[in-house]
Amino acid sequence: MKLKYNYNFEEECVVKEYLKDKLSHHLLKRIRVLDNIKINGQNGKNYYVLKKGDVLELEFDEEMNQDIEVSDEAIDIVYEDEYLLIVNKKSYISSQPSVKHQKDNLLSMVKKYFIDNKIDGNMHLINRLDYQTSGLVMIAKSGIVQYFFEDVKIDKRYLCVVKGIIDNDKGIINYPISRYPQPSIKRYVDLENGKNAITEYEVIKRDYLNDVTLLDINLITGRTHQIRVHFSYINHPLIGDKLYNEENKNNNELLLHAYKLSFVHPIIGDKIEIINYPNWFDNYI
């Protein structure tokens, strides 16, 4: 991957000073160690003095992870640029390889796309979704791009349908969460020793006939299974959630979808907003 900067200032500036406002300290150190700076197409150093009209390029070579198997299943791409891929993950697909999902996982599907389209680099998840949860997932096309996103504020929104009618139009659920001892994957509200977990919600629609509520969710914290644990705890379990409500065992799909991502692109500088509604949304609106 290559980052390119056109230096158009009258005042001269050393490369490492120019990049201070553009790259993290960790990245600046890595650039110096890897010695991968080019000035006007020639090898340069971080102490080179930039002059007006100079073209500064930073090159990062990264081999694809050979441990990840390739899946032939196609991915649903909703956004792509030179640095980033955003896809719509189906429910019941693991975000990354595991013992149970060595090939049927999102990264294995993305790897096939990289190979077919001759994309140089490696796949790095910027955000992840639970196995049952569908929605938007961001994949960096190199580890360097992933580093760029470490300090980026990403507004992530979810849609879900819960059992019962929630009376308040808006609310905050603030209960700490812990994990049951392994091998269980379940979490639970632990008022004494749990980790801080805060969920904001807003009612979109109440369906009194079917006794369900459609909600827009904003996660203040990002604990595993947080939405499912919180709403189960307040006796409004998610429709289709077999893990936290046995009454849902006959429902085929968990009605929880990451539908919105909004952020300022750390390399391009543009404001990016992606909205992707689930296929079940029209049934509840």
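Bear in mind these aren't lab numbers, they're just calculated from the coordinates by the rules spelled out. These figures come from a predicted structure and were not determined experimentally. No Cβ is skipped: glycine too gets one built from the backbone with ideal geometry, and neighbour counts run over all protein chains shown.
One equal scatterer on each Cα of the chain, no solvent, Debye formula: the resulting log10 I(q)/I(0) at q = 0.09, 0.15 Å⁻¹ is -0.54, -1.15. Summary value for the chain: 14 percent relative contact order, contacts being C-alpha pairs under 8 angstrom separated by 6+ residues.
Compare the Cα positions of N196, S184, L254 along the charge dipole of the stretch 155-258 (+1 at Cβ of Lys, Arg; -1 at Cβ of Asp, Glu; about the Cα centre) and return the one farthest towards the positive end. Checking the options against the dipole of the stretch 155-258, the answer is S184. Kirkwood analysis of the Cα pair distances in the stretch 2-59 returns a hydrodynamic radius of 11.2 Å.
Taking the three principal axes of the alpha carbon atoms in the stretch 155-258, the coordinate ranges are 39, 30, 23 Å, sorted in descending order.
When the convex hull of its Cα atoms is viewed from all sides, the stretch 63-151 shows a mean projected area of 5.5 nm². Protection proxy ranking for 155-164, 180-189, 72-81, using the average of other Cβ atoms within 10 Å per residue and placing the highest first: 155-164, 72-81, 180-189.
Annotation: lysines with alpha-carbon distance below 25 angstrom to K111 (same-chain offsets under eight excluded): K2, K89, K90, K100, K103, K141, K156, K260.
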